[in-house]
Amino acid sequence: MSLTSAATLATLDRTGPRRITDLAAVEGVTQPAMTALVRVMEESGLVERRGDASDKRVTLVCLTEAGASYVRTQRQAGVHAFERLIGELTGDEVEALVAALPALKHLAELESQDREGPKQ
């Protein structure tokens, strides 16, 4: 799976259903590229398109259960990888990481806000 595909699935998991134009902007690709990517992920059963109840002209891209499961599995794999690596650090290094957690959390929040762009 491409990084853009994985990032798009993660965005949908975090933010819920989105328009293709919104996804393209968040992921930094063109709308035609996102349309093609969504088509491939749709054929793989990871996303589906649904109408927007508030605007019948709009189609939203939504995660399927298989897509949500993929995101959960990948996140869990990342957690396990970090657990293993942190286990190889010295006590002082672990303490330095713990002290840096508030700043890292803030950075993640800023990045998430930047990637999500304007709310619908």
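The values are calculated or read from the model by the stated rules, or taken from the named source; none is laboratory data. Fair warning: this is a prediction, and the values are worked out from it, not measured in the lab. Neighbour counts are summed over all protein chains in view; Cβ atoms, including those assigned to glycine, are modelled from backbone coordinates with ideal geometry. Please note that ligands, DNA and RNA were not included when accessible areas were found on the heavy atoms of the full protein model with its side chains. Shrake-Rupley method; radii C 1.70, N 1.55, O 1.52, S 1.80 Å.
Structure notes:
- Helix-only CD estimate at 222 nm, as mean residue ellipticity for the chain, using -39500 (n - 2.57) per DSSP H run (n ≥ 4): -23000 deg cm²/dmol
- Seen from residue 86, the other residues with C-beta closer than 15 Å to its C-beta sum to a net charge of -4, counting Lys and Arg as +1 and Asp and Glu as -1.
- Debye, to nearest 20: dipole size of region 24-91, +1 on Lys, Arg Cβ, -1 on Asp, Glu Cβ: 140
- Think of a 1.4 Å ball rolled over the protein heavy atoms: the chain then has 66 Å² of accessible area per residue.
- Neighbours of residue 67, meaning other residues whose beta-carbon lies under 9 angstrom from its beta-carbon, give a summed charge of -3 when Lys and Arg score +1 and Asp and Glu score -1.
- Taking the Cα centre of the chain as origin and assigning +1 to Lys and Arg Cβ atoms and -1 to Asp and Glu Cβ atoms, the resulting dipole is close to 640 debye.
- Region 44-74 and region 1-38 have their alpha-carbon centroids 11 Å apart.
- In the chain, a dipole from Cβ-located charges (positive for Lys and Arg, negative for Asp and Glu) runs towards its positive end, and of 86, 41, 10 it is 41 whose Cα lies farthest in that direction.
- Shown is the FRET efficiency for residue 13 and residue 82, computed with R0 = 22 Å from the Cβ-Cβ distance and rounded to the nearest 0.05: 0.70.
- FRET E, pair residue 66, residue 100, Förster distance 22 Å, beta-carbon r, rounded to 0.05: 0.05
- Degrees between helix 91-116 axis and first principal axis of the chain (Cα, 0 to 90, nearest 10): 20
- Treating r as the C-beta distance of residue 3 and residue 92 and R0 as 30 Å, the FRET efficiency rounds to 0.35.
- Among 27, 95, 48, the largest mean-square fluctuation in a Gaussian network model of the chain (Cα springs under 10 Å) belongs to 95.
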